[in-house]
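The values are calculated or read from the model by the stated rules, or taken from the named source; none is laboratory data. Every value quoted in this text rests on a predicted model; they were computed, and no experiment measured them. Every residue, glycine as well, gets a Cβ built from its backbone with ideal geometry; the counts of neighbours run over all protein chains shown. Surface accessibility is based on the protein's heavy atoms, side chains included, excluding ligands, DNA and RNA. Shrake-Rupley method; radii C 1.70, N 1.55, O 1.52, S 1.80 Å.
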Amino acid sequence: EVQLLESGGGLVQPGGSLRLSCAASGFTFSSYAMNWVRQAPGKGLEWVSAVSASGGSTYYADSVKGRFTTSRDNSKNTLYLQMNSLRAEDTALYYCAKQGEGGSGGNWFDPWGQGTLVTVSS
Amino acid sequence: AIQLTQSPSSLSASVGDRVTITCRASQGISRALAWYQQKPGKGFKLLIYDASSLESGVPSRFSGSGSGTDFTLTISTLQPEDFATYYCQQFNHYPIIFGQGTRLEIK
């Protein structure tokens, strides 16, 4: 069974940093792109970042570009999101999601983790 | 960046109804669209990918159609467990974009 387990969320002051992790199991981690998606309380979904299967290519939403860095360790089956210069508007539940399988090979998401909550507040 | 306009934002319907949700892209995205269901406390479930491919295990009452800029998600006969929030997602270009969501409520 494919499982994604996020960790590392918590309360941080504006301007602070936090590193999220997503431990993957049940599939060949190094074969799939991985993603971070967030959902602010009571709001819709915002894609944050993606990283290619090899880790050689990364992509970011404009709202986090230059502040967040996505990486992966394929030897540890783990995805990371380093978040710096955090702002109140970064407060959200952060999900990791695996690239889906089959079809066109595009980057739809299946499955998703259960999320880890990041709260940016003084 | 591509924009996705999902409508309606909320919808009241009854068990047994046929429901359609639309997603319009600001520019052509071929068939690079997925649909997700979110239930409170239960996370996200992939329903449809590549605009019309039904994910394994998803009931056949769910269907997707469209290409280019206009897409629809149809639930042919609403069941009690279908009351949830639905999102479309384009993956043709980065940045990946989600629609604003459609909250499907019981009438």
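With every protein chain kept in place and ligands, DNA and RNA left out, what is the accessible area per residue of the protein assembly as shown? Probe 1.4 Å, answer in Å². Before the final figure, lay out the partial values.
On the way: 10120 Å² over 229 residues.
On a per-residue basis, the protein assembly as shown sits at 44 Å².
What pairs from A:Lys43/A:Lys76; A:Lys98/B:Lys45; A:Lys43/B:Lys45; A:Lys65/A:Lys98 go past 23 Å between their alpha carbons?
Numbers: A:Lys43/A:Lys76 33 Å; A:Lys98/B:Lys45 12 Å; A:Lys43/B:Lys45 17 Å; A:Lys65/A:Lys98 21 Å.
Pairs exceeding 23 Å: A:Lys43/A:Lys76.
Once A and B are treated as a pair rather than alone, how much accessible area drops out, both sides summed, in Å² to 100, probe 1.4 Å?
Values: alone 6110 and 5630 Å², together 10120 Å².
The contact between B and A buries close to 1600 Å².
Computed FRET efficiency, Cβ-Cβ of B:Ser10 and B:Thr77, R0 22 Å: what is it to the nearest 0.05?
Numbers: r = 20 Å, r/R0 = 0.92.
With R0 = 22 Å, the Cβ-Cβ based efficiency is 0.60.
Can you sort A:Trp112, A:Trp36 by solvent-accessible area, 1.4 Å probe, largest first? Walk me through the numbers on the way to the answer.
Working: A:Trp112 20, A:Trp36 0 Å².
The residues order as A:Trp112, A:Trp36, largest area first.
Of B:Ser7, A:Ser49, which has the most accessible area and how do the rest follow, probe 1.4 Å?
Numbers: B:Ser7 50, A:Ser49 0 Å².
Largest to smallest exposure gives the sequence B:Ser7, A:Ser49.
With r defined as the distance between the Cβ atoms of A:Gln114 and B:Ala1 and R0 fixed at 22 Å, what FRET efficiency is calculated, to the nearest 0.05?
Numbers: r = 28 Å, r/R0 = 1.28.
The value I calculate is 0.20.
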> Pulled fully out, how much extra length does the chain show between A:Ser7 and A:Ser54, if you take 0.36 nm times their separation in residues and subtract their Cα-Cα distance?
Replying inline: 14.7 nm
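Assigning unit charges at the beta carbon (Lys, Arg +1; Asp, Glu -1) and nothing else, what dipole magnitude in debye, to the nearest 20, does chain B show about its Cα centre?
With Lys and Arg at +1 and Asp and Glu at -1, about 100 debye.
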> For region A:83-122, rounded, prolate or oblate, judged on the Cα gyration tensor with a ≥ b ≥ c (square roots of eigenvalues), a/c < 1.5 rounded, else prolate if a/b > b/c?
Replying inline: prolate
> How big is the accessible area of A:Trp108 in square angstrom, nearest 10, if you roll a 1.4 angstrom probe over the protein chains?
Replying inline: 0 Å²
> Could you give me the ³J(HN,Hα) list for region A:4-13, computed from phi with Karplus coefficients 6.51, -1.76, 1.60 and θ = phi - 60°, whole Hz, x at Gly and Pro?
Replying inline: 10, 10, 7, 8, x, x, x, 8, 9, 7
>> Suppose every Lys and Arg Cβ carries +1 and every Asp and Glu Cβ carries -1, with no other charges. What dipole size does the protein assembly as shown come out with about its Cα centre, to the nearest 20 debye?
In response: 260 debye
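How many partner chain Cβ atoms sit within 10 Å of a residue's Cβ in peptide B:85-98, on average, as a whole number? Don't skip to the end; give the middle numbers.
Numbers: counts 2, 0, 3, 0, 6, 3, 10, 3, 1, 9, 11, 14, 4, 6.
Whole-number average of other-chain Cβ neighbours for B:85-98 is 5.
Using only the heavy atoms of the protein chains and a 1.4 Å probe, how would A:Lys98, A:Lys43 rank by accessible area, largest first? Could the numbers behind the result be given before it?
Working: A:Lys98 5, A:Lys43 135 Å².
Order by accessible area, largest first: A:Lys43, A:Lys98.
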> region B:39-77: which residues show an accessible-area loss of 40 Å² or more, assembly versus chain alone, 1.4 Å probe?
Replying inline: B:Phe44, B:Leu46, B:Tyr49, B:Asp50
> Which of the lysines could be linked to B:Lys107 by a straight reach, that is with a Cα gap under 19 Å, when you skip same-chain ones fewer than 8 residues away?
Replying inline: B:Lys39
> Picking from A:Phe27, A:Phe109, A:Phe68, which is most flexible by a Gaussian network model of chain A using Cα springs under 10 Å?
Replying inline: A:Phe27
> Top mean-square fluctuation among A:Ser63, A:Ser54, A:Ser104, Gaussian network model of chain A, C-alpha springs under 10 Å?
Replying inline: A:Ser104
> Along the positive direction of the dipole of region B:1-79 (beta-carbon charges: Lys, Arg +1; Asp, Glu -1; about the Cα centre), which of B:Gln27, B:Ser52, B:Ser9 reaches farthest?
Replying inline: B:Ser9
>> Using the Cα centre of region A:5-109 as origin and beta-carbon charges of +1 (Lys, Arg) and -1 (Asp, Glu), tell me which of A:Ser25, A:Gly56, A:Ala97 is placed farthest towards the positive end of the dipole.
In response: A:Gly56
>> Place a point 7 Å from the Cα of A:Ser63 along the Cα-to-Cβ direction; which residues of region A:21-37 have their backbone N under 18 Å from it?
In response: A:35-37
